[in-house]
1. State the extension gain, in nm to one decimal, for the chain segment bounded by residue 131 and residue 69, taking 0.36 nm per residue of separation less the distance between their alpha-carbons.
2. Can you give the net charge of the other residues whose Cβ lies under 13 Å from the Cβ of residue 106, counting K and R as +1 and D and E as -1?
3. Between the helical axis of 142-159 and the dominant principal axis of the chain, each derived from Cα atoms, what acute angle in degrees is found, rounded to the nearest 10?
4. Evaluate E = 1/(1 + (r/R0)^6) for residue 32 and residue 169, where r is the Cβ-Cβ distance and R0 equals 22 Å; express this FRET efficiency to the nearest 0.05.
5. What ranking of 33, 151 emerges when the number of other C-beta atoms within 10 Å of each C-beta is taken as an exposure proxy, fewest first?
6. Arrange 2, 158 by Cβ neighbour counts within 10 Å, fewest through most, would you?
7. Exposure proxy check: 145, 173 ranked by fewest other beta carbons within 10 Å?
8. With labels modelled as points extended 7 Å from the Cα through the Cβ direction, what inter-label distance (nm, one decimal) is found for residue 22 paired with residue 176?
Amino acid sequence: MKVFIFLLALAPVDRLIWLGFTDGLGANPIEFITRSTGTWALVMLCVTLAMTPLRLLTGSVFWIKIRRMLGLFSFFYAAIHFLIWLWLDQNFDLAAMVKDVIKRPYITMGFLSLLMMTPLAITSTHWMQKKLGRHWAQLHRLIYVIACSVILHYWWHKAGKNDLQTVLIYAAVVVLLLYCRIPVIRSKLSLK
């Protein structure tokens, strides 16, 4: 099952490669790829956050066993999202990049989100979990802050275009998933 989920999580990359080879990326391929990878980073983040409520509702630890992989896929898509911006949009011009990060709040928030995700990805191994002990769980609670900062990134990006419908859906999903972590709600979800 893990292999199937792994392959399913790679489907957006496969789709982008297919569209690239078949001239299906539209009139602005850079924008299409950037938006697609950003969307999939957010989708994977939401799916990752959904694993704990699913465990509480079903009583199955399967959901926790795939949570790490899904979180790493969220980081994978976020890193691609960033690299496309850095390479294809900024042409590795660090001065232009810094100027863009300072000038546009949505880029600032996206950059901060990626910076916060990086230590979570680095410490996602079992070895690091043992090495950090209880500090590992404290560090990985940063995912809740990241979820909010990613929504802000998306919100500010779409607010400039006055297109907030999709953002509101993702924001509602994130709020619901974070709501499930409130101890009183969490205990009501549990099948114990």
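1. The residue 131-residue 69 span can extend by a further 20.4 nm.
2. Numbers: positive: 35, 103, 104, 158, 161; negative: 100, 163.
Net charge in that neighbourhood comes out at +3.
3. The angle comes out at about 30 degrees.
4. Between residue 32 and residue 169 the formula returns 0.60.
5. Numbers: 33 19, 151 22.
The most exposed by this proxy come first: 33, 151.
6. Placing the least packed residue first, the sequence is 2, 158.
7. By the 10 Å Cβ count, ascending: 145, 173.
8. So the label points at residue 22 and residue 176 sit 3.2 nm apart.
A short reminder: the numbers here are calculations on the coordinates, not readings from a lab. Please read all numbers here as calculations on a predicted model, not as lab measurements. Using ideal geometry, Cβ is built from the backbone for each residue, glycine included, and neighbour counts are taken over all protein chains shown.
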